[in-house]
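The values are calculated or read from the model by the stated rules, or taken from the named source; none is laboratory data. All of these numbers come straight from a predicted model, not from anything done at the bench. Reconstructed Cβ throughout: ideal geometry from the backbone, glycine too, with neighbour counts over all protein chains shown. Side chains included, ligands, DNA and RNA excluded: accessible areas come from the protein's heavy atoms. Shrake-Rupley method; radii C 1.70, N 1.55, O 1.52, S 1.80 Å.
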Amino acid sequence: MSRIVGIDLGTTNSLIAIMEADGPKLIPNSLGQKLTPSVVGVEGDHLLVGMTAKEYQVSHPDRCASVFKRYMGSDWSVTLAGRKMSAIDLSCCVLRSLVADAEHYLGEAVTSAVITVPAYFNEEQRRATIAAGQMAGLKVERIVNEPTAAAIAYGLHEADSQKTAVIIDLGGGTFDVSIVEMFEGVLEIRASAGEIFLGGEDFTDACVSQILNQAGMKFEHTEMQEPLRVSRLRRECEQAKRRLTNEASTEVRLPNSQGEIEPDAPRYAITRETFDLWTKSTLDRILSPIRRALGDAGLKRQEIDEVILAGGASRMPSLIKRIEELFERPTRCTINPDEVVALGAAVNAGILDRHESLSEIVVTDVAPFTMGVEICREIGGEDRDGYYLPIINRNTTIPVSRVERVVTRAANQSKVNVSVYQGESRLVKDNQLLGSFEVTGIPPGPPGQEIDIRFTYDLNGILEAEAVIVKTQKRAAQVFTRHMKNLSENQMKTALDKMQALKAHPRDEEENRLLLKWAERLYMELPHRERNRLDQLITGFEEVLESQDQAQIKIFAEELGAFLKAFDSFEGEQGDYGTSPSDE
Ligand code: AMP
């Protein structure tokens with residue numbers, strides 16, 4: 001049986017890891033990097049994934065997709081080079097690329113995985129994640145909440161200490177807060193709360209919007225009319241945001257409508273204070289989930305022993321300051337916040353694989369939402385629909401199975417429609433409909449015929465509902481047709497066929513491909529006088545690539561790489577580009 005890998009399928013970056021004898025290990029991709037950008041591009045009939053697609057996106061935003069995790073479980077789709085792709089399709093592309101990296105690294109087939117999701121992902125988003133895994137040829141052994149995975153990675157080192165910790169996880173697109181009790185190898189999640197539309201990307205977008213405002217433009221209008229200007233400006237702002245974690249001030253250059261940065265491009269100075277002011281209302285949104293999680297766990301801020309940070313965007317000084325003021329203690333971030341979730345996922349995979357070193361560890365998690373059904377109430381002698389009967393309350397430890405009894409309202413009522421919702425409001429119209437099913441064959445009789453509705457919420461955070469007519473013990477269908485759509489065999493096959501039409505480039509060519517995409521992107525941005533030199537270098541490189549002469553390819557690649565590093569002011573973005581896979 002193949003080993004189970006741990007995958008952090010992130011909004012901006014994804015990682016894959018495995019449990020080894022001496023602890024969890026991140027697996028490098030074909031460029032030797034641990035972070036694979038969650039970006040997918042289509043060039044002709046070839047698929048680009050990761051850093052190469054991210055470079056391609058700056059010059060060809062219409063052929064690339066990113067931040068699609070935000071649309072998991074919805075009907076959203078995007079057309080890339082004439083191919084319609086859903087968030088599941090795009091996630092599947094990223095997963096396939098990660099699996100190929102793992103297979104190359106481990107030298108064996110990879111068929112099973114633990115995949116992490118934001119704690120606040122709803123049922124539909126979890127099912128969509130499982131479907132993406134299945135499409136990528138994986139058996140998804142477990143869906144694990146991201147902050148839980150982070151807690152596991154931290155908990156592993158401190159199996160003998162006893163404490164209550166809060167995990168603040170601000171990724172690219174989502175925010176989660178979880179409260180965890182750690183004692184003697186047991187990690188008990190007490191409460192989770194979050195926002196699925198709040199992440200580092202929103203801080204970047206706030207910055208893009210402010211710069212456009214200052215230049216007399218409106219974000220949405222400009223994005224539609226001048227997509228190249230916005231995609232290039234977004235990149236500028238992303239880099240500025242990162243620089244501001246270490247520097248007090250920086251500059252952003254405004255690209256022209258073609259996305260080019262001319263020598264006399266307008267420059268906007270941004271200090272840390274300006275950035276904090278621009279993003280204050282975005283940052284304020286972390287407070288309500290924190291309050292909710294503390295309330296559900298029945299704890300005061302002062303009762304938290306440790307504050308752990310996870311997610312790349314938790315590096316922002318304004319976030320750290322706000323959290324430290326709130327909890328009146330320093331935060332802890334001893335494991336790289338980009339990597340901690342994937343490392344925890346690998347440990348979780350190791351627990352499922354019955355890895356010897358992990359036999360003492362027990363992890364329990366909670367349901368992040370309340371789930372229930374619609375009921376009708378008698379108000380002033382009149383029956384009124386639309387009320388919510390919670391069956392599983394939020395932050396109940398999982399797995400859990402709960403029953404509530406409902407009754408028929410009319411004489412000789414032969415059927416009932418069971419509508420299943422998730423959410424915290426007392427009226428169903430303010431909650432999210434998950435699906436509905438009918439209970440038929442209720443025997444004739446007076447009103448008040450009893451029906452038991454059972455909800456079972458499993459360790460993956462997947463809900464099953466069933467209804468039983470108490471008198472006859474007849475069971476009703478318990479599946480949500482809307483959800484099954486994601487998993488139907490036919491749909492899976494069609495989606496797979498569509499993906500198979502796209503070829504992946506050979507792994508060992510990935511570095512050269514990235515170099516070309518990087519060069520093409522820089523070409524767009526350079527002033528004319530340097531463009532000619534770069535043009536010659538690109539053409540020379542393309543020619544030697546055709547010749548297949550490996551020694552020449554290496555020489556030309558080095559020359560081109562040196563030029564790019566010298567002229568690209570954002571070369572840091574390439575990370576450890578060009579280095580050989582690390583064996584860390
Ligand atoms: P993740 O989804 O956990 O990989 O988080 C990625 C997010 O972290 C993106 O929105 C990045 O912009 C953000 N991020 C990464 N490094 C930094 C940094 N040094 N300062 C601010 N944000 C960062």
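General remarks:
- Residue match in the stretch 122-143 (condition: among the hydrophobic types (A, V, I, L, M, F, W, C) and within 16 Å of the ligand (Cβ to nearest atom)): no
- Among the criteria (1) crowded, with 24+ Cβ neighbours inside 10 Å; (2) at pLDDT below 95; (3) not hydroxyl-bearing (Ser, Thr, Tyr), the one His46 does not fulfil is (1).
- Thr164 open to solvent by less than 30 Å² (accessible area, probe 1.4 Å), under 30 Å from Pro24 (Cβ atoms), within 15 Å of the ligand (Cβ to nearest atom) and in contact with an Asp or Glu (Cβ under 7 Å, 6 or more places away or on another chain): no
- Any hit, the stretch 354-374, residues being at pLDDT 95 or above and among the polar types (S, T, N, Q): no
- Taken as a whole, the stretch 383-401 holds at least one residue that is more than 16 Å from the ligand (Cβ to nearest atom), over 22 Å from Ile179 (Cβ atoms) and either small (Gly, Ala, Ser) or assigned to a loop (DSSP other than H, G, I, E, B) (or both).
- Leading residue by the ranking (farthest from the chain's Cα centre (by Cα)) among those in the stretch 6-23 that are more than 24 Å from Met85 (Cβ to Cβ) and open to solvent by less than 30 Å² (accessible area, probe 1.4 Å): Gly23
- Residue satisfying condition, being farther than 28 Å from Val39 by Cα and either surrounded by 14 or more Cβ atoms within 10 Å (Cβ to Cβ) or of a type outside the set (S, T, N, Q) (or both), within set Arg234, Arg229, Arg243, Arg292: Arg292
- Across the stretch 175-208, the qualifying residues are those that are open to solvent by 10 Å² or more (accessible area, probe 1.4 Å) and within 16 Å of the ligand (Cβ to nearest atom), and the one among them that is modelled with the lowest pLDDT is Ile196.
- In the stretch 364-376 there is no residue matching the filter, namely being open to solvent by 70 Å² or more (accessible area, probe 1.4 Å) and not in a strand (DSSP E or B).
- Subset of the stretch 546-564 [without any contact (Cβ under 8 Å) to a residue 24 or more places away in the chain, open to solvent by less than 100 Å² (accessible area, probe 1.4 Å) and in a helix (DSSP H, G or I)]: Ser547, Ala551, Gln552, Ile555, Phe556, Glu559, Ala562
- Annotation: of all residues in the stretch 104-127 being closer than 19 Å to Asp176 by Cα and in a loop (DSSP other than H, G, I, E, B), the one that is most open to solvent (accessible area, probe 1.4 Å) is Tyr120.
- Near pairs, Cβ below 9 angstrom, 6+ apart or cross-chain, from the stretch 172-185 (without any contact (Cβ under 8 Å) to a residue 12 or more places away in the chain) to any residue that is hydroxyl-bearing (Ser, Thr, Tyr) and surrounded by 24 or more Cβ atoms within 10 Å (Cβ to Cβ): none
- Enumeration of residues in the stretch 321-360 that are open to solvent by 50 Å² or more (accessible area, probe 1.4 Å) and among the β-branched types (Val, Ile, Thr): Thr334
- Restricting the stretch 228-261 to residues that are hydroxyl-bearing (Ser, Thr, Tyr) and touching a residue at least 40 places away in the same chain (Cβ under 8 Å), the residue that is farthest from the ligand (Cβ to nearest atom): Ser231
- Strands (runs of 3 or more DSSP E) within the stretch 136-241 that include 3 or more residues in the same structural domain as Pro37 (by TED's automatic domain parsing): 139-145
- Residues of the stretch 297-320 that are away from the ligand (no atom under 11 Å from the Cβ) and surrounded by fewer than 19 Cβ atoms within 10 Å (Cβ to Cβ): Gly298, Leu299, Lys300, Arg301, Gln302, Glu303, Asp305.
- For the stretch 116-128, residues that are over 16 Å from Ile4 (Cβ atoms) and of a type in the set (S, T, N, Q) total 2.
- Residues in the stretch 128-144 that are open to solvent by 10 Å² or more (accessible area, probe 1.4 Å) and either among the polar types (S, T, N, Q) or modelled with pLDDT under 90 (or both): Gln134 alone.
- Residue match in the stretch 334-353 (condition: on the phi > 0 side of the Ramachandran plot and either away from the ligand (no atom under 16 Å from the Cβ) or in the same structural domain as Glu181 (by TED's automatic domain parsing) (or both)): no
- Unique match (being open to solvent by 40 Å² or more (accessible area, probe 1.4 Å) and either small (Gly, Ala, Ser) or within 16 Å of the ligand (Cβ to nearest atom) (or both)) among Ala265, Ala269: Ala269
- Condition check for Ser91: assigned to a loop (DSSP other than H, G, I, E, B), surrounded by 19 or more Cβ atoms within 10 Å (Cβ to Cβ) and not basic (Lys, Arg): no
- Test: Leu434 is open to solvent by less than 20 Å² (accessible area, probe 1.4 Å) and closer than 30 Å to Ala191 by Cα: yes
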